[in-house]
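Asker: To start, I am sharing the structure in question, which I have written as structure tokens.
The values are calculated or read from the model by the stated rules, or taken from the named source; none is laboratory data. Fair warning: this is a prediction, and the values are worked out from it, not measured in the lab. Cβ atoms come from the backbone with ideal geometry, glycine included; neighbour counts cover every protein chain shown.
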Amino acid sequence: MKFRKILFFIFFAASACLFVLTPNFSTAQTFTISEIEIVGNQRIETETIESYISLSKGQNFEADEINSAYQRVLKSGLFESVTFDENDGVLKVTVVEYPTINRIYFEGNVRIEDTVLEKVLKSKEKYVLDAQTVEQDRKNIAETYAVMGRLAARINPKVIKKSENRVDLIFEIFEGGVIEIQKIGIVGNKAFSDRRLRRVLSTKQAGPFRAFVRSDTFVEERIEFDKKVLKEFYISRGFVDFRVNSVNAELTEERDGYFVVFNITEGQQFSVGNVALETSLKELDTVEYYEILKLKSGSVYSAKVTELDVEKIERLALKNGLDFIRVRPKITKDDSSLALNVTYSIERGPRVILERINIAGNTATLDKVIRRQFRAAEGDPFSARRIRQATDRIRSLGFFETVDVSAREGKRKDSVIVDVLVKEKPTGSVSLGGSYSTSSGFGLLLEYAERNFLGRGQDFRLKYNSGVGSRTYSLGFIEPEFLSPGLSLGLSSKFTETEKENSNYDTTILDVSPQVSFPISDYSKLSVSIGYNETELRNAVNVGSIIQNEVDLGQDERAYSRIAYTYNTLRDGLDPNFGVLLKLSQEVSGFTGDGESSKTSALARLQRKILNEEVLVKGTLEGGVLNYGNSRVTDRFFLGSALMRGFEPGGIGPREIVNEGELINDALGGNTFAVLRLEAEFSLGLPEEYGIDGGIFFDVGNLWSLDNISEDVIYDDGSWRSVLGASLFWKTPIGPLRFNFSRPLQKETFDREQNFDLTIRTQF
């Protein structure tokens, strides 16, 4: 406030001086300028000032020409004041230069470092001091604190005069406290509860861990983002008339928090009515195009599905040799039946060629990494839809802070130049993490990751993971665009050592596997890999004959080949409330797959949100069959808590029992397993800012079959176990915690139960 008064005074004084100092030459006078004398300039060259005056010596000038010269010098912005004085043909020009900034200081800032504040300043050291620029700097610093929720922050600029027309610029900062969002309210919602909608928003209510959370501070930009998020949420569920009427934010009486209220209009939910195709192109067979449409009559309308259909039609047309095809969805609303009739109009659009793609702003990332996201080359038909999709792909890379893609007319009217301007952000990270579970104890994670390795868009990772009695070293590398779009090349290697972890022996395992993956549909991919595995069991103590025989065999080496199929709609499927995950894997011995040993694994998961998306239900069926002829304990399957809850790792399945387990009780694993997991997650009715939800689960599974059986082996034929349990999910600042409480319904005598399980994992 004080500084603004000073600025006003300076402005007033300057205005007064301007009135006084403006040359008041009579318009009827004519002057002959024989000499121009410039005084008062220290840094600004005399020639520079003369260029602004632009009056030639020895010529006659009207008064208005001299006034114009004065205005040019004054408006140059180089001087605090300018005076013109004519006497006997000598024009004396007196200037007073603005002071230069010697140093810029920040005082009182604790929450934000100097280096961060310097980035928002327009004023620079060694540059001229400008009052307007300083005022803008004050606003920028205040805005920086506002983003942190410190709306009460005060910034007072202060100028300290130095010698040689220099000044020190000091920003005195009072940071103030953080203003939290105490409550988020939603008005106008009927289809979905406040709780469900609040989970969609990026803005959060203040909770018990607000010292660690910044999303519960009031930030206008975040509110604007949340308005878009809400709209996308409703439109994807058929509420095409949805709108956000207003967002009101009011300070509490104590001015230490905000009440934020979203006022919305849901509208009606529309389903899909008639779906049709229309075209005037005789060479286009509509029957073929009907077959690829995903939008079905009777389903809930989704703009996402409509967009996908347009893309599929354009892609098929291009495949059939039809260039410059334009597809426009025509949507008509039937309010009486709450249905949207969709007609895809397929016509030949203007013949426009992609002339060139210009890329700027990238310093670390190679041009080709950005260029390949367009799935088009110079000379191909131009498609605005393709450009939008390419923009989304560039953003999804995660390499850039901002991505700006624009199109302009090329050298010819039928060509387009696409300009891409990006601003890079750091893509490398060093992570230190920790984990804890009741089965494996505390663990440590160290990881170096670079998602844009050498600017080539490659993913490179080095990881070290340790737990009680185990150490794992791993290296991973992925080239996402190998030879062609969508074709990825990867390499994974892992070295693991265990020391009596849930067993009476140590293991050493080395596995190296390169693989190639490629998509075969919108949601599925196929992976092919070859690998080398080296396994050794050692340091056995008090083990049975089966384990001891496997230890005596020494080191085992084998090569293998694997093919895997994945179908996944859990995250990016067309239905936001339903998802499917399918995984099939077949591994055979030998690089060419001509060996006799094989390992088959399968997983199928269905999940759906029910009861207005308040409850998430999941069903997972998983199984595997091993046919190694003479497998080892390190090859066989084990049912730990990740596969079946309620039992310790190695707690169920075939066992070697000696003297009723008093001396020997070895878990041997099994060649075959099958598990069914049913679970539901739901709110417990607690304030969502606590981040606590609940769940129930039911698991049933079996593990059986060995290659070599002795008289001391039990449960080889298999025995079904089942368990019923409840879960607590707690989102904390250090990571998600999961508590499992379980009770076996079916078990065997020598099974090892685990009625409580806690897992936590975090990275920082």
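Asker: Based on this model, can you work out whether ILE66 counts as within 25 Å of THR32 (Cβ to Cβ), in contact with a Phe, Trp or Tyr (Cβ under 9 Å, 6 or more places away or on another chain) and at pLDDT below 90? First the steps, then the outcome.
Answerer: Working: within 25 Å of THR32 (Cβ to Cβ): yes; in contact with a Phe, Trp or Tyr (Cβ under 9 Å, 6 or more places away or on another chain): yes; at pLDDT below 90: yes.
Yes, satisfied.
Asker: Condition first: surrounded by fewer than 19 Cβ atoms within 10 Å (Cβ to Cβ) and in a strand (DSSP E or B). Now tell me which residues in region 171-191 satisfy that.
Answerer: Hits for region 171-191 are GLU172, PHE174, GLN182, LYS183, GLY185, VAL187.
Asker: Let me ask something additional. If we keep just the residues of region 57-94 that are of a type in the set (D, E, K, R) and not in a strand (DSSP E or B), which is surrounded by the fewest Cβ atoms within 10 Å (Cβ to Cβ)? Full working, then the answer.
Answerer: Taking region 57-94 first, the residues of a type in the set (D, E, K, R) are 57, 62, 64-65, 72, 75, 80, 85-86, 88, 92.
Narrowing the set further to residues that are not in a strand (DSSP E or B) leaves 57, 64-65, 72, 75, 88.
Details: LYS57: 11, ASP64: 10, GLU65: 17, ARG72: 15, LYS75: 11, ASP88: 7.
Filtering region 57-94 for residues that are of a type in the set (D, E, K, R) and not in a strand (DSSP E or B), the one surrounded by the fewest Cβ atoms within 10 Å (Cβ to Cβ) comes out as ASP88.
Asker: Check LEU676, LEU684 and return the single one that is under 21 Å from ARG608 (Cα atoms) and at pLDDT 95 or above.
Answerer: Values: LEU684 fails: at pLDDT 95 or above.
Within the list LEU676, LEU684, the selection yields LEU676.
Asker: Quick one: ARG210 ticks every box in (1) under 25 Å from the mean Cα position of the chain (by Cα); (2) crowded, with 19+ Cβ neighbours inside 10 Å; (3) of a type outside the set (S, T, N, Q); (4) modelled with pLDDT of 90 or more bar one, so which box is it?
Answerer: (4)
Asker: While we're here: What about GLU681, is it touching a helix residue (DSSP H, G or I) at 6+ places or on another chain (Cβ under 8 Å), assigned to a strand (DSSP E or B) and in the same structural domain as ASN612 (by TED's automatic domain parsing)?
Answerer: no
Asker: To continue, here is another question. Can you pull out the residues in region 126-144 that are modelled with pLDDT of 90 or more and of a type in the set (Asp, Glu)?
Answerer: Within region 126-144, GLU135, ASP137 meet the criteria.
Asker: Then there is this: Within region 231-265, how many residues turn out to be in contact with a Phe, Trp or Tyr (Cβ under 6 Å, 6 or more places away or on another chain), in a loop (DSSP other than H, G, I, E, B) and either among the small types (Gly, Ala, Ser) or assigned by TED's automatic domain parsing to the domain that holds VAL342 (or both)?
Answerer: 1
Asker: Further question: Among the numbered criteria (1) closer than 27 Å to LEU553 by Cα; (2) among the polar types (S, T, N, Q); (3) in contact (Cβ under 8 Å) with a residue 12 or more places away in the chain, which single criterion is violated by ASN659?
Answerer: Of everything listed in (1) closer than 27 Å to LEU553 by Cα; (2) among the polar types (S, T, N, Q); (3) in contact (Cβ under 8 Å) with a residue 12 or more places away in the chain, ASN659 misses just condition (3).
Asker: What is the one condition in (1) in a loop (DSSP other than H, G, I, E, B); (2) in contact with a strand residue (DSSP E or B) (Cβ under 9 Å, 6 or more places away or on another chain); (3) modelled with pLDDT of 85 or more; (4) in the same structural domain as ILE509 (by TED's automatic domain parsing) that GLY455 does not satisfy?
Answerer: (2)
Asker: Would you mention how many residues in region 657-678 are of a type in the set (Asp, Glu) and not in a strand (DSSP E or B)?
Answerer: Start the filter on region 657-678 by keeping residues that are of a type in the set (Asp, Glu), which leaves 660, 662, 666.
Of the ones still in play, those that are also not in a strand (DSSP E or B) are 660, 662.
Residues flagged as of a type in the set (Asp, Glu) and not in a strand (DSSP E or B) within region 657-678 amount to 2.
Asker: Which of the residues spanning region 140-158 are assigned to a strand (DSSP E or B) and either touching a residue at least 40 places away in the same chain (Cβ under 8 Å) or of a type in the set (S, T, N, Q) (or both)?
Answerer: ASN156, PRO157, LYS158
Asker: Does ILE141 qualify as being surrounded by 16 or more Cβ atoms within 10 Å (Cβ to Cβ) and within 37 Å of the chain's Cα centre (by Cα)?
Answerer: Numbers: surrounded by 16 or more Cβ atoms within 10 Å (Cβ to Cβ): yes; within 37 Å of the chain's Cα centre (by Cα): yes.
Against the criterion (surrounded by 16 or more Cβ atoms within 10 Å (Cβ to Cβ) and within 37 Å of the chain's Cα centre (by Cα)), ILE141 qualifies.
Asker: Mind checking which pairs have a first residue in region 244-262 that is of a type outside the set (A, V, I, L, M) and a second that is at pLDDT below 90 and outside any strand (DSSP E or B), Cβ under 6 Å, 6 or more apart or different chains?
Answerer: TYR258/PHE218
Listed here are the residues, each with its yes/no results for (1) surrounded by 16 or more Cβ atoms within 10 Å (Cβ to Cβ); (2) among the acidic types (Asp, Glu).
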| position | (1), (2) |
| --- | --- |
| GLU662 | no, yes |
| GLU679 | yes, yes |
| ASP707 | no, yes |
| VAL713 | yes, no |
| GLY725 | yes, no |
| ASN740 | yes, no |
| PHE750 | no, no |
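Asker: Do any strands (runs of 3 or more DSSP E) entirely within region 554-656 hold 1 or more residues that are surrounded by fewer than 16 Cβ atoms within 10 Å (Cβ to Cβ), among the small types (Gly, Ala, Ser) and in contact (Cβ under 8 Å) with a residue 40 or more places away in the chain, and if so, which?
Answerer: In region 554-656, the matching strands (runs of 3 or more DSSP E) lie at 615-627.
Asker: Of (1) touching a Leu at 6+ places or on another chain (Cβ under 8 Å); (2) more than 26 Å from LYS183 (Cβ to Cβ), PHE682 satisfies all except one. Which?
Answerer: Checking PHE682 against (1) touching a Leu at 6+ places or on another chain (Cβ under 8 Å); (2) more than 26 Å from LYS183 (Cβ to Cβ), the one that fails is (2).
Asker: Of all the residues that make up region 215-230, how many are surrounded by 14 or more Cβ atoms within 10 Å (Cβ to Cβ) and at pLDDT below 85?
Answerer: Here the count works out to 6.
Asker: Would you point out the residue of region 345-371, among those that are under 33 Å from the mean Cα position of the chain (by Cα) and hydroxyl-bearing (Ser, Thr, Tyr), that is farthest from VAL287 (Cα to Cα)?
Answerer: Out of the qualifying residues, it is THR363.
Asker: Another question, then. Can you name the residue in region 60-97 that is of a type in the set (S, T, N, Q) and touching a strand residue (DSSP E or B) at 6+ places or on another chain (Cβ under 7 Å) and is also farthest from ILE49 (Cα to Cα) among such residues?
Answerer: Here the residue is ASN60.
Asker: Does GLY718 satisfy the condition of being at pLDDT below 90, more than 36 Å from the chain's Cα centre (by Cα), farther than 30 Å from GLY185 by Cβ and surrounded by 15 or more Cβ atoms within 10 Å (Cβ to Cβ)?
Answerer: yes
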